[in-house]
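Report on one structure; see the data block that follows.
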Amino acid sequence: MNVITKKITKSSFGLSAGWNLVYALFNGALALCYRSWWFLTMSLYYAVLGLLKATILKVNDNGLRKAVRFAGFGMIFMSVIISGTVYLSIAEMRNSRYHYAVMIAIAAYTFYLIIHSMIEVIRAHKKHDIRQIVLRNIAFVGAIGSMLSLERSMLGTFGDVTDRFTPAMETGSGAAAFVLIALIGIFTIRSSRETE
């Protein structure tokens, strides 16, 4: 990666990591406001994503292999945490209704993450650089978690937790998110061998 490309990548992901922090704080505020374990988990989820991005961006080439493995294990950990939270929300049959402004903020951030992850797919495909590939994987994990959060918030606001559809949808989506994030984490750990 040349110097200009590195600077563009670092500034792009530095901005993205900053948005992760802002959104983590937003979810933390929602957790307090709604007394929601889900938003507390999502706050930690986005804070960890920001930490993983910062780790990959800041580490030098000598420590890249360890940083890539750390990121992979971090993603697997995040998949377990998110699946546990989905399980608890289904078991408790509890999904709060949220204000429309909250829904708009969650939807806007979800669309931002989806667009950002698509841009990173293109960058990683063009460069074939391990650092760029891991940053792409982190972007995917962020988009998956955000889509799950948007779905859950929409089901709570517009759906009925006592009907059959809502728990079935949350179960299916939670299982899919768990599998996808865990697989991305495993792929990331395996890709750490390319740094040797």
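Values for this structure:
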| quantity | calculated |
| --- | --- |
| Count of residues meeting criterion [closer than 18 Å to Ile138 by Cβ and without any contact (Cβ under 8 Å) to a residue 12 or more places away in the chain] in the range 30-65 | 3 |
| Residue list for the range 166-182, filter: hydrophobic (A, V, I, L, M, F, W, C) and in contact with a helix residue (DSSP H, G or I) (Cβ under 9 Å, 6 or more places away or on another chain) | Met169, Ala175, Ala176, Ala177, Phe178, Val179, Leu180, Ile181, Ala182 |
| Residue that is touching a residue at least 40 places away in the same chain (Cβ under 8 Å) and assigned to a helix (DSSP H, G or I), where the choices are Arg152, Arg136 | Arg152 |
| Answer residue from the range 1-59, given it is among the β-branched types (Val, Ile, Thr), surrounded by 15 or more Cβ atoms within 10 Å (Cβ to Cβ) and modelled with pLDDT of 65 or more and is nearest to the chain's Cα centre (by Cα) among those | Val48 |
| Residue under evaluation Lys66, criteria (1) buried (at least 22 other Cβ atoms within 10 Å of the Cβ); (2) at pLDDT 90 or above, criterion not met | (1) |
| Test result for Ile119, in a helix (DSSP H, G or I) and in contact with a helix residue (DSSP H, G or I) (Cβ under 9 Å, 6 or more places away or on another chain) | yes |
| Residue, farthest from the chain's Cα centre (by Cα), within the range 71-88, restricted to residues that are surrounded by fewer than 20 Cβ atoms within 10 Å (Cβ to Cβ) and either closer than 12 Å to Asn137 by Cα or modelled with pLDDT of 90 or more (or both) | Phe73 |
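To keep it simple, each residue is scored yes or no on (1) of a type outside the set (D, E, K, R); (2) at pLDDT 90 or above; (3) within 20 Å of Tyr34 (Cα to Cα).
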{"position": "Ile114", "(1), (2), (3)": "yes, no, no"}
{"position": "Gly145", "(1), (2), (3)": "yes, no, yes"}
{"position": "Ser149", "(1), (2), (3)": "yes, no, yes"}
{"position": "Gly156", "(1), (2), (3)": "yes, no, yes"}
{"position": "Asp160", "(1), (2), (3)": "no, no, yes"}
{"position": "Ala182", "(1), (2), (3)": "yes, yes, no"}
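The values are calculated or read from the model by the stated rules, or taken from the named source; none is laboratory data. The shown structure was predicted, so the numbers you read here are calculated from the model rather than taken from an experiment. Glycine also receives a Cβ, built like all others from the backbone with ideal geometry; neighbour counts cover every protein chain displayed.
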